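Working notes, beginning with the structure itself.
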Amino acid sequence: MILQLEPKLAAPSTDALLAAVKGIGYQPTHVTTQFGSYVVCVGKKDFDIRTLGSLAGVRDVHYVSDDYQLVSRKWKVERTYIDLGDGVKLGNGYFQIMAGPCSIESEKQVESVAKHLKSCGVRVMRGGVFKPRSSPYSFRGMGIEGLKMFAAICREYGIKIITEVMEPAQIEPMYEYIDVYQVGARNSQNFNLLDELGKVDKPVMIKRGISGTIEELLFAAEYVFSGGNERLLICERGIRTYERASRNTFDINAIPILRDKTHLPVIVDPSHAIGLREFVEPVALAGVIAGADGVIVEIHESPEDAASDGAQTLNYEESARLFRKVRAVLNVQENW
Ligand code: PEP
Ligand code: MN
């Protein structure tokens, strides 16, 4: 159950409210985000909701039957959208394409990709500077200096940045250079990282864990929301199954299910989902048709030379075609 509090409720009233909730038999968690103040109540199930509703400071009471609460669509029927500024919005009818290399490699590379994105009307660039790699001998990213360069170029082009954060200590140094923090599949259940991302006011996109369930993904988002940050996106990027013909198995079921279960925007990552460049396009389009609010794809001027994930990376011609097709599908969908 979620109690939505009156804005700017004084501390003594909040304390009295928490005590009253405890007295009834619930375990309360007080959550204050950029947009609101809430008390999440778990524990006791059967209860006359009117008693809580009449407590001083309570604006609204929402009964949520899911175990996750704040990310559930049961209390917030209207979908959330994220405003990145300068007219770049994502979710609740605002679709965004995010594209860029797996890894940030050089100034020349970033300049080239940014120019390409600009010419295609894409407003958000991806690119990792901290790379989680299976082998310690693989390229592990340019680090914070690479991010500064990435940000300087993107600002010139009016392009927003999404990039992966791997540990709590990176959050603060990255802050001024990024627009969205990406939590990678491998860190989807790094609860210390999720807790710390709850304390920042910039958006966070959480990818589904490699063997993560839909519920675990929603709980990962609940960690960040309950930590105080409700500017969240969630991303289906394929899961590990017994199938070896593709890098991962794109769980298309997850798209409508997530959209039913949560009010948060749902993004699809066809690149990591299938891992095969020639099939990224159909998977991306399938994701859009299934209802995704955005797509994130890996692109590079010459994928053969990419420092990481070249096999699933589109070149400029392929990516321009994909962007065109995504927009064509969105146009058709509007008239369905
Ligand atoms: C990436 O986006 O390059 C990445 C490492 O993705 P994932 O965490 O989904 O594997
Ligand atoms: Mn990658």
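The values are calculated or read from the model by the stated rules, or taken from the named source; none is laboratory data. Predicted model, so just to flag it, every value in this text is computed and none were measured. In this analysis, Cβ positions are derived from the backbone assuming ideal geometry, glycine residues included, and neighbour counts consider all displayed protein chains. Keep in mind that these areas ignore ligands, DNA and RNA; they rest on the heavy atoms of the full protein, side chains included. Shrake-Rupley method; radii C 1.70, N 1.55, O 1.52, S 1.80 Å.
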**Report entry** Vicinal HN-Hα couplings computed from phi for region 313-327 (Karplus, 6.51 cos²θ - 1.76 cosθ + 1.60; Hz; Gly/Pro x)
**Finding:** 9, 8, 7, 5, 5, 5, 6, 4, 5, 4, 4, 4, 5, 4, 5
Query raised in the report: How high is the relative contact order of region 142-250, in percent, with contacts defined as C-alpha pairs under 8 Å that are six or more residues apart?
Result: 20 percent
Query raised in the report: Roughly to the nearest percent, how much of the accessible area of the chain is carbon and sulfur, given a 1.4 Å probe?
Result: 50 percent
Requested in this report: Can you check how the C-alpha radius of gyration of the chain compares to 2.2 N^0.38 Å, as a plain ratio?
Outcome: 1.03
Requested in this report: Output the relative contact order of the chain, whole-number percent, from Cα pairs under 8 angstrom with separation of 6+ residues.
Outcome: 16 percent
Report summary line: Here the FRET efficiency for residue 62 versus residue 242, based on Cβ atoms and R0 = 56 Å and rounded to 0.05, is 0.90
Query raised in the report: Which value, in debye to the nearest 20, describes the size of the charge dipole of the chain about its Cα centre when Lys and Arg Cβ atoms bear +1, Asp and Glu Cβ atoms bear -1, and nothing else is charged?
Result: 380 debye
Query raised in the report: Expressed in whole Å with the largest first, what are the equivalent ellipsoid semi-axes of region 257-331 derived from the C-alpha gyration tensor as the square root of 5 times each eigenvalue?
Result: 24, 14, 9
Query raised in the report: Summing +1 for each Lys or Arg and -1 for each Asp or Glu, what net charge is found among the other residues whose Cβ lies under 13 Å from the Cβ of residue 57?
Result: -1
Query raised in the report: Which value, in debye to the nearest 20, gives the size of the charge dipole of region 88-196 about its Cα centre, when Lys and Arg are +1 and Asp and Glu are -1 at the Cβ?
Result: 480 debye
Query raised in the report: Restricting to region 1-155, what percent of DSSP beta bridges are antiparallel, rounded to 5?
Result: 85 percent
Report task. Sticking with the crude label model, points 7 Å out along Cα→Cβ, report the distance from residue 175 to residue 4 in nm, one decimal please. Result -> 2.9 nm
Query raised in the report: How far is helix 143-157 tilted, in degrees, relative to the longest principal axis of the Cα atoms in the chain, given as a value from 0 to 90 rounded to the nearest 10?
Result: 80 degrees
**Report entry** Geometric extent, Cα atoms of region 2-63 - Rg, Dmax (angstrom)
**Finding:** 10.6, 31
Query - region 2-63, dipole about Cα centre (Lys/Arg Cβ +1, Asp/Glu Cβ -1), debye to the nearest 20 - result: 60 debye
**Report entry** For the chain, accessible area per residue (1.4 Å probe, heavy atoms of protein chains only), Å²
**Finding:** 44 Å²
Requested in this report: Within region 68-175, report the chymotrypsin sites (Phe, Trp or Tyr not before Pro) that DSSP leaves as loop and that have at most 12 other Cβ atoms within 10 Å.
Outcome: 137
Query raised in the report: Which percentage, to the nearest 5, of the DSSP beta bridges contained in the chain is antiparallel?
Result: 40 percent
Query raised in the report: For the charge dipole of the chain, defined by +1 on Lys and Arg C-beta atoms and -1 on Asp and Glu C-beta atoms about the Cα centroid, which residue among 56, 263, 173 has the Cα displaced farthest towards the positive pole?
Result: 56
Report summary line: Only helices counted: for the chain, with every DSSP H run of 4 or more residues adding -39500 (n - 2.57) and the sum spread over all residues, [θ] at 222 nm is -10500 deg cm²/dmol
